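Quick note: the coordinates plus some simple rules give every number you see, no bench work behind them. From a predicted model like this one, the values you see are computed outputs, not experimental measurements. Note that we place each Cβ from the backbone using ideal geometry, even for glycine, and neighbour counts take in every protein chain shown.
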Amino acid sequence: MPEEEVGPFVERLRATFTAIEQLPMPTIAAIEGAALGGGLELALGCDLRVAGNKAVLGVPETSLAIIPGAGGTQRLPRLIGLGRAKELMFTADRIGSERAEEIGLVNYAVEGGTATDRALDIAARIAKNGPIAVRLAKKAASAGMQADISTGMDIERGCYAQVITTKDRLEGLAAFREKRAPNYTCE
């Protein structure tokens, strides 16, 4: 790729992965095989990650004399901590799904070929919950992580205030009281 095209290309990737991260609904990456460089940066834009046991994850950009430029230098440390992120970036090491689960890079390491099934299982469990509450919980947690804790508490307070007036909240409480499954309507 010509030098003058590299910056705009990486900026489009960064914007795309940020758009995924900012979707109001939860996103889950199912990883089977390699998630290296931009592939891992895409997965980092998701809320949850599930990796099959043949998955290989890493940010090998420094071995190519570049850096993870599509959000990796920012999302990776926020997910696994600065020291572990620096180690992965500086060494360009590739790790398997079990190690990725140990350090918090993925939520689950599963048998090969089953990552999508586990991701769909998680999605089904999420879908049973109040959709407005799930959306606002994501918003509060994501926005709060970008701020100091006091500001994060203000964000949480604002999100909580939005669920108080919903019909779904009343339905959830009624369903709990009546020992039945709720029927949420996103109202």
Quiz item: Working out 0.36 nm times the residue gap between Ala123 and Ala141, then minus their Cα-Cα distance, what length gain in nm do you get to one decimal?
Solution: 4.7 nm
Quiz item: Which value in Å is the Kirkwood Rh of region 50-151 over different Cα pairs?
Solution: 15.5 Å
Quiz item: What is the dipole size for the chain, taken about its Cα centre, with +1 at each Lys and Arg Cβ and -1 at each Asp and Glu Cβ, in debye to the nearest 20?
Solution: 780 debye
Quiz item: In bins 10 Å wide, starting from 0, what share of all Cα pairs of region 24-72 does each bin hold, as a percent?
Solution: 28, 50, 21, 2
Self-check item: Packing-based order for 42-49, 92-99, using average beta carbon neighbours within 10 Å, highest first
Solution: 42-49, 92-99
Quiz item: Relative to the longest principal axis of the chain, what angle (0 to 90°, nearest 10) does the C-alpha long axis of helix 3-21 take?
Solution: 20 degrees
Exercise. Treating the angle as unsigned and between 0 and 90°, give the value, to the nearest 10°, between the Cα long axis of helix 131-145 and the longest Cα principal axis of the chain.
Key: 50 degrees
Quiz item: Where the centroid of each part is defined by its Cα atoms, how far is region 1-74 from region 159-176 in Å?
Solution: 36 Å
Quiz prompt | Radius, Kirkwood style, for the chain when every pair of distinct Cα atoms is counted (Å) | solution = 18.2 Å
Exercise. Go through Ala175, Leu105, Met1 and say which Cα lies farthest out towards the positive end of the charge dipole of the chain; charges sit on Cβ, +1 for Lys and Arg, -1 for Asp and Glu.
Key: Ala175
Quiz item: In degrees from 0 to 90, rounded to the nearest 10, what is the angle of the helix 115-127 Cα long axis to the longest principal axis of the chain?
Solution: 30 degrees
Quiz item: For region 92-187, what log10 I(q)/I(0) values come out of the Debye formula at q = 0.13, 0.16, 0.23, 0.25 1/Å, with one point per alpha carbon and no solvent?
Solution: -0.69, -0.89, -1.08, -1.14
Practice problem: Return the sequence-ordered ³J(HN,Hα) values of region 170-178 in whole Hz as given by the Karplus equation 6.51 cos²θ - 1.76 cosθ + 1.60 applied to θ = phi - 60°, using x for Gly and Pro. | Solution: 5, 5, x, 5, 5, 4, 4, 4, 8
Quiz item: Assuming a viscosity of 0.692 mPa s and a temperature of 37 °C, what translational diffusion coefficient in µm² per second does Stokes-Einstein assign to region 1-103, Rh being the Kirkwood radius over Cα pairs?
Solution: 237 µm²/s
Self-check item: Karplus (6.51, -1.76, 1.60) ³J(HN,Hα), θ = phi - 60°, over region 47-54, in Hz, Gly and Pro reported as x
Solution: 6, 9, 9, 10, 10, x, 6, 9
Quiz item: Which of the listed residues, Gly33, Ala55, Cys186, is farthest toward the dipole's positive end in the chain, when Lys, Arg count +1 and Asp, Glu count -1 at the beta-carbon?
Solution: Cys186
